[in-house]
1. Would you confirm whether any residue within the range B:78-89 is closer than 28 Å to B:R241 by Cα and touching a residue at least 24 places away in the same chain (Cβ under 8 Å)?
2. Select from the range B:39-55 the residues that are part of a loop (DSSP other than H, G, I, E, B) and farther than 14 Å from A:P186 by Cβ and list them in ascending order.
3. Is the range B:204-215 home to any residue that is among the basic types (K, R), on the phi < 0 side of the Ramachandran plot, assigned to a helix (DSSP H, G or I) and within 14 Å of chain A (Cβ to nearest Cβ)?
4. Among the candidates B:L382, B:L410, B:L443, single out the residue that is over 21 Å from the mean Cα position of the chain (by Cα), among the hydrophobic types (A, V, I, L, M, F, W, C) and closer than 30 Å to B:D198 by Cβ.
5. State whether the residues of the range A:323-336 include one that is within 24 Å of the chain's Cα centre (by Cα), within 22 Å of A:A73 (Cβ to Cβ) and of a type in the set (K, R).
6. When you scan the range A:56-113, how many residues do you find that are more than 30 Å from B:K48 (Cα to Cα), assigned to a strand (DSSP E or B) and within 12 Å of chain B (Cβ to nearest Cβ)?
7. Residues A:S456, A:S446: which one is within 23 Å of the chain's Cα centre (by Cα), touching a residue at least 40 places away in the same chain (Cβ under 8 Å), assigned by TED's automatic domain parsing to the domain that holds A:P386 and surrounded by 17 or more Cβ atoms within 10 Å (Cβ to Cβ)?
8. How many residues does the range B:324-358 hold that are assigned to a strand (DSSP E or B), of a type in the set (A, V, I, L, M) and facing another protein chain (nearest Cβ under 9 Å)?
Amino acid sequence: MTSGESLHKRTLKYFIISSVIALLLCITLHPCYAYDLANRVKEFTLANGLKVLIVERHISPTVSLYISHDTGAVDEEDGHTGTAHILEHMMFKGTETLGTKNFTEEKRILRKIHGIGNALDIEVMKGETADTQKITNLRKQLETLQQEAGKWSIPSEIDRLYTEKGGGDLNAFTGQDLTSYHVSLPSNRIELWARIESDRMSNPVFREFYSERDVVMEERRQVVESNPGRKLLEQFLAAAFIVHPYRRPVLGWTHDMRFLNIDYTKQFFKTYYSPNNTTIAIVGDVSPDKTMAIIKHYFGKIPPQKIPARSITEEPVQNGERRVKRVFDASPRLIIGYHKPALPSFDDCVFDVIDTILSEGRTSRLFKALVEKGLAVDVNTANGFPGARYPNLFVIFAEPVSPHTCAELEEIIYNELDMLKKEPVTPEELEKAKNQLRADILRTISTNSGLAGMLSYYGAVAGSWKYLTTFQDLLERVTPEDVMTAAKKYLEPRNRTVAELIREKG
Amino acid sequence: MKTRWRKIITYCLPVIGAILLTSCAWHGAPMTDPDDIAYAPLCFDPPKAERVELENGIVLYMLEDHELPLVNLSAVIRMGSYYDPPGKEGLAEITGTVMRTGGTESMTGDQIDETLDFLAGSITVSVGTDSCTLSMSVLEKDIDKGLKIFSDILTCPVFSSEKLKTAKILEREALERIHDNPQKIAFREFRRLLYRGDPRGRLSSIESIGKIERDDLLAFYRRFFRPRNVMIALSGDISKRDAIRKIKNNLDAWNVSGGPEPLPSPPSHVRASLNYIYKDTPQSVIVIGQPAPGETSPDYYTFEVLDFITGSGGFRSQIFAEVRNRLGLAYSAGSFYSSRREYGIFGAYAMTKSSSTMKALSSITTILDTIRDRGVESGGELAWAKESIINTFIFSFATPGRIVMRQMMLEFEGLPENFLTRYTDNIETVGLDDLRGVAARYLTGENRIVLILGNKDTFAEPLSSFGDFNTVKTGTDNEGN
C-alpha cells in the first residue's frame, strides 16, 4: 500500500527506511479466499462529515487505529513542496493542552519566533543581495527565543503518552494522495487515542518548527541524497510528468524545504485535516457502539471546513519517449514508466494483473527473463505510481548484474512487453495472477493494522472502502484479451519515460 | 539477532474504573488530562501453543487460528553464517538460497516455483548468524501440496548446479551494490570490527563466494539438517489433530541420527577502537557499540530499560530527544540492544550532514558517558521506561502466529519456559541503583567501538579532535579472515 515515493513512512524506533515497495492496489473476495468484509465493516458518518469504519476482531485485546486525511503532496502549491510532509512532523509537537507548562506564556514567545522566522526567511531568500548582518542578528534572536520557548514546552508529549500506555507501531505517512496517522494500542486505551487525536485535529501547536525543518533536511539527505535509487526516481518522475504534481517529491525540492513556511503549513492543515476530509478505520477487540460513543464525544464538535475545488493541472498526453540520465557513483539501475488511467477504471485493474504477471513470484515473466538468467539482481514493477487517485504510471525497476548494461535489460523488457501485446496470456497464467492478487489481500488483512490501513486508504483515495468489493468484480471480469488490449494501448514507446543511472565518480 | 523479548502470561492491568466520558468543550475550556483517563481492566490469558515431539525428534509447536483461510509454518534450524568455513564465507546463505531454488528428489526447482506461484503460496528461507528459518504460507485448501514441498525442501533438497551458479552471480552483485548504500557499509563494517577474531566477524566477499562449490553445499546441509536440530511452529486455519497428522505423514520417515547442534559460544573479548571509513557522501553515518549482557544474565532486564531510556524508547529517549529534537542534527538517531542467551550487543547511531559529524558524535558520546558515570537521574524517566515496556508487552501475543513462534523460540534458544511469564515482573523490579551499576559496568570505554563513515574533509571539526582513528578499507572483495 505504500511506495517509497508516494507514501513516505516515518518510523520512530528504527532507522532503516523502506525502499520502493510495490503499490498494493487491490482487494477481492473470491470464495476460496473468503472473508466476509462486506458484512463485517460497520460504517458511520458524523454530522461534521467524519467517516468511521470499524471491524471487530477479538483475537487479542489489541486494536489498530488509522486516521487518513484525503490530502497529500498533490495539494501543495508550487514553491511550497514538502508542506504536507512537514505538517505530518508538526502534528507530533503537541497541542494547546499537550506539551506545555503554560500555554499563555508559551504562545507569546511562539508568536515572536514566528515573526522572526518569517523575516529571516525573507532575507535569506534574497540570496547574494541579502544583508548578512541582518541575517546574523535574526538568527541570534531566533535562537534566544527558541531557548525561551523551550522553558515552557514539554517535548514529545504525544509520543510519551502513547508509548507509556502501550502504543506500538506509532507511525505517520505522507503520500501524494493521502496522509495517515497510525497507532496500535491495548484495546482498553481507545479513549486516550481519541483524546490525543481529536485534540491535534483541532488545536495543534507547531512548536520547534525551525529545528524540525533541519530534521526533514536530514531526512532528505538520508533517504534521497545518499540513495542512488531514490535520486534516480526523483529525476524519473520529474521527466514522466510535465505539469501534474506527481512530478514533485513528497519530501519537497531542497530549495522549497529550506523555506517551508509556518503560515502556509497552518492554512494547509486547517483546510485539509478537516473532519469532512477524513476517514478513521479501527480494527480489533472493540465494541462498535462504545467506540462510536467515544468518537462522537471527542471528534463530534470539530467544525467541518469548506474544501476548495482542487485546481490540479491534468497531465497532457505524452507523444514521444523521454529519457533521463543521472550520474552517481553507484552501480547502474533502470526505471521505465508508462502513463495509464487511475482507479476505478477497468484498465487500472487490468494493470494490477499485468503487474502480477510481470513480477510477482519466481515464475513471473520478468523475474524469469532477468533474475533467473543472472542478468539482473532485481526486477520489480508497480502499478499506481507515484499515487493512485490521479492518472498515474505503471513502472518497471531493474538493476543489472555487472557487466550487463541497462541497455541490455531494456531490450529484454521490451521484448517481454511485446509478448503481452502479441499473444494472449494463457488461462492458467491469468488464473495464477488472480490467485496471487486475492491471496495478497488476504495476507494484508490478516493483521489488524493491515486491514485498518487498507480500509482507510480506499476510504480516502477511492472515496469508499467499498471499492475493495468493486475491485473483486472487476478482477473476475479480466480476460486474456483485456490484458492484450491494455498492453497495446499503454505500453507504447511514445508513452514511455526511461531513467538510467550512470556510474561516474563525484 | 533476536528482537526484543516481551512478556507473556495472563495480562491483567490494575482495575481503575470504567471508561469515563468527562465533559469537554472545544476551544478554551479545559480538556481531560490524558494522564487522568481511567481505563477498563484488560484481562487476557493468551492461548498456549501445544508442544508435540515427533518420534524422530522434531519438536512441533502449534496453535489454531480460524480467522482467515491461511496456514503458516516455520521450521527453525540451528545453522548459519557463524559456521561458514574460513575462506568460504557466504556458504550458509547460499546453501539456504539453493535449498529453496535447487529442487528436491521429487520436483525440480522450476516445478516447485510453478506450483507455489499458482497456489499463491510462498516458501522462503532466511539464514542468520546462528539460525536458519524455512517458512511457508499457503491457503488452507492447499496445505497438503504445500506441506509436501516444504518437507521435501527440508529433507531431500538436491542443490542443482545451475541454480547454484545463478545464486552465486546474484550474491556477488548484491555484495557489489552494498557500496551504494552508506548505512549498509557502515553497519557491515561495524559488525566486522565488533567481532574481530570471531566467526561472527567473518563476512562474505566476492572472493569467498567464488570458492563455493556444490559439494560444499551438500556437506553443509548434511552437517546441520537432522530432525533433532529442527523445530517447527505452525499456526492457522487447521485443527491440531489434522496438523499433527499431516506433519507426521510428511516428516516421520525422516531419520538422520544426531542431536541438536549446541549453541555457539559467545564472542571473544572486544577491544576499543576508533575507526573511519572514507565515502564521499552528503551525510555521515555514526555507529558506536559494545558488548552487552545476554538473556540469562541477571543484568538483562536492567539493560533493556537502560537501552530504552538511552535511545530506543522513541521521541523521549535521550539520544533521540537531544540529537534529533533539540539539535535538529539527524532524522535517524537512537540506540539498539540485541541479545542472545549468552551475550548481547548495544549500540548507538546517527546519520547527520557531513559538517555536523563531530558535533553529533560528541553529543552521543556525552550522553553515553553521562549515563555511565551518573546513571539515570530521574525516577520519572525510569518509571516511564518501565511502564512503556510493560504495557507494550501484550503485542507479543497479538496473533496466534506470534505466540507460537515465541514459545518455540524460547526452547530453541535454551531459555527457561517461564522466561516470558516473568518478563514484566523482572522489568518492574529494576531500580535507579541497578541502572547505575549496569551502566557503569557495560558502557565502559574499554571495549567501545566507534565508527564514522563519511568524508572527513567536509567535517566542521577535524576527525582527530576525537582521537586517533584507524582508516578502514572497506570492500567486499579484499577481506576474508
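The values are calculated or read from the model by the stated rules, or taken from the named source; none is laboratory data. Treat the numbers as computed from the prediction; the structure is a model and nothing was measured. Heads up, the Cβs are rebuilt from the backbone with ideal geometry, glycines too, and the neighbour counts pull from every protein chain shown.
1. Checking the range B:78-89: at least one residue is closer than 28 Å to B:R241 by Cα and touching a residue at least 24 places away in the same chain (Cβ under 8 Å).
2. Across the range B:39-55, the qualifying residues are B:D45, B:P47, B:K48, B:A49, B:L54, B:E55.
3. First, the residues of the range B:204-215 that are among the basic types (K, R): B:211, B:214.
This time we only want the ones that are on the phi < 0 side of the Ramachandran plot, so: B:211, B:214.
Among the residues that remain, those that are also assigned to a helix (DSSP H, G or I) are: B:214.
After this cut, where a residue has to be within 14 Å of chain A (Cβ to nearest Cβ) as well, the list is none.
Scanning the range B:204-215 turns up no residue that is among the basic types (K, R), on the phi < 0 side of the Ramachandran plot, assigned to a helix (DSSP H, G or I) and within 14 Å of chain A (Cβ to nearest Cβ).
4. Values: B:L382 fails: closer than 30 Å to B:D198 by Cβ; B:L410 fails: over 21 Å from the mean Cα position of the chain (by Cα).
Only one candidate passes the filter, namely B:L443.
5. Here is the first cut: in the range A:323-336, the residues within 24 Å of the chain's Cα centre (by Cα) are A:333-336.
Remaining after also requiring within 22 Å of A:A73 (Cβ to Cβ): A:335.
Narrowing the set further to residues that are of a type in the set (K, R) leaves none.
No, the range A:323-336 has no match at all.
6. 1
7. Values: A:S446 fails: touching a residue at least 40 places away in the same chain (Cβ under 8 Å).
That would be A:S456, the only listed residue that is within 23 Å of the chain's Cα centre (by Cα), touching a residue at least 40 places away in the same chain (Cβ under 8 Å), assigned by TED's automatic domain parsing to the domain that holds A:P386 and surrounded by 17 or more Cβ atoms within 10 Å (Cβ to Cβ).
8. Number satisfying all stated conditions: 4.
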